[in-house]
Amino acid sequence: MKHRSTFLSVGILCITLLTSCASSDYQNAMDKGIDSIGQQDYHQAAIYFEVALSEQANNKKALTYFEQASQMEEGIDLYHQEKYVSSLDAFKAIANQDDGLITVQKEARKWQMTILDEQEELVATEETIDTINQLISIEKYNRALEEIQSLNMKLQSEDALSYYKDELAKLTERVHKSLDELEDVNVSASTDQTEGKAATTKKDTEKVDEGITYTSYTNERFRFKIEYPSYLTAGSPPTNGDGLTFYNEELEITVFGSHNVRDETIEDIYQQSIDTISVPIAYDRLADNWFVLSYVENGMIIYDKFFYGNDVFNRFIITYPENKQDVYGPVTTHISDTFVPSAN
């Protein structure tokens, strides 16, 4: 009877020691995981929490911490890949968790605010680059250089915008190359003729820029706002009130809104738009919530700008003769710069 009691005691002791060792390994992994969280090493933290789960499978706390660390690592990776919407979704999921580490939730909210702030800068930068391209296309090189200089100063102070440095350098090279070509033409012509022509061109351009007055139109249904030349005639509004057309013999501006009934992404709509164009596209740009397509078809320049929102879309399309680019190019730039979309 004594031997049986001894064996029983040894068995209980072994079980206790094994349980204690397992518990010690679990707690050790959890502690190291939390330390890694404090150092914002989410990859290593996820590894430690996974070790803890191997010691105590389905442990709720270890599982929650593992998911938090994994999502933080994924969100940061997506951010560095410039997939900002997906990154925001990952950080939002962490911030909205009911349990888990509060420090991780706070860090996720900081990342959310950082991305949202940067997105505003990114959208503004994309718009400026779009304007620079328009200025170059209508040979407004000095104004293009001013925009480039201003944007370059912003890029130097904002690390998040460093992605655009190469593109800005290419735009600068384009402008200087065009100016050099103009200078060569001027040198080859006689001084009197060159000066006379330059004075006339400058005078005409200033007249186009300064002589146009604009009228504002706000769509009551979709709440977007556009400025159009006052000399244009407004067409009859459609019964559904989605937009309006303004026109004369040469220039036509069509602006309208619609609902995102098919839950389409901006990439879907961008590709659909490209698929409908059967001619070479002279200029296109796809941003996070807008895109631009510009091309020449049957002697007409078509400038199509689309604004994407989760609920609604806005779009305006400008058409005018290719040989009137010097007249209507500045109008297009003005409309693009001043358009106020409701899509967000």
Residues of segment 112-126 satisfying the condition of being open to solvent by 50 Å² or more (accessible area, probe 1.4 Å) and touching a residue at least 12 places away in the same chain (Cβ under 8 Å): Leu116, Glu121
Scope segment 28-65; condition open to solvent by 90 Å² or more (accessible area, probe 1.4 Å) and not polar (S, T, N, Q); matching residues: Asp35, His43, Glu50, Lys60, Lys61
Can you tell me which residue within segment 70-91, out of those that are under 18 Å from the mean Cα position of the chain (by Cα) and without any contact (Cβ under 8 Å) to a residue 24 or more places away in the chain, is most open to solvent (accessible area, probe 1.4 Å)? His80
Quick one: would you say Asp98 is within 29 Å of Tyr42 (Cβ to Cβ) and outside any helix (DSSP H, G or I)? yes
Mind checking which residues of segment 284-306 are open to solvent by 10 Å² or more (accessible area, probe 1.4 Å), within 22 Å of Phe256 (Cβ to Cβ) and either of a type outside the set (Gly, Ala, Ser) or at pLDDT below 90 (or both)? Asp284, Arg285, Leu286, Ala287, Asp288, Asn289, Tyr295, Glu297, Met300, Ile301, Ile302, Asp304
Subset of segment 239-259 (residues that are open to solvent by 30 Å² or more (accessible area, probe 1.4 Å) and touching a helix residue (DSSP H, G or I) at 6+ places or on another chain (Cβ under 7 Å)): Glu250
Among residues of segment 227-266 being within 26 Å of the chain's Cα centre (by Cα) and of a type in the set (Gly, Ala, Ser), the residue farthest from Gly329 (Cα to Cα) is Ser258
Criterion (within 22 Å of Thr338 (Cα to Cα) and among the basic types (Lys, Arg)) met by exactly one of Lys140, Lys92, Lys165, Lys106: Lys140
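The values are calculated or read from the model by the stated rules, or taken from the named source; none is laboratory data. Everything numeric here is computed off the predicted structure, so don't read it as measured data. Cβ coordinates were reconstructed from backbone atoms using ideal geometry, including for glycine residues, and neighbour counts include every protein chain displayed. Surface areas here come from the heavy atoms of the whole protein model, side chains and all, with no ligands, DNA or RNA. Shrake-Rupley method; radii C 1.70, N 1.55, O 1.52, S 1.80 Å.
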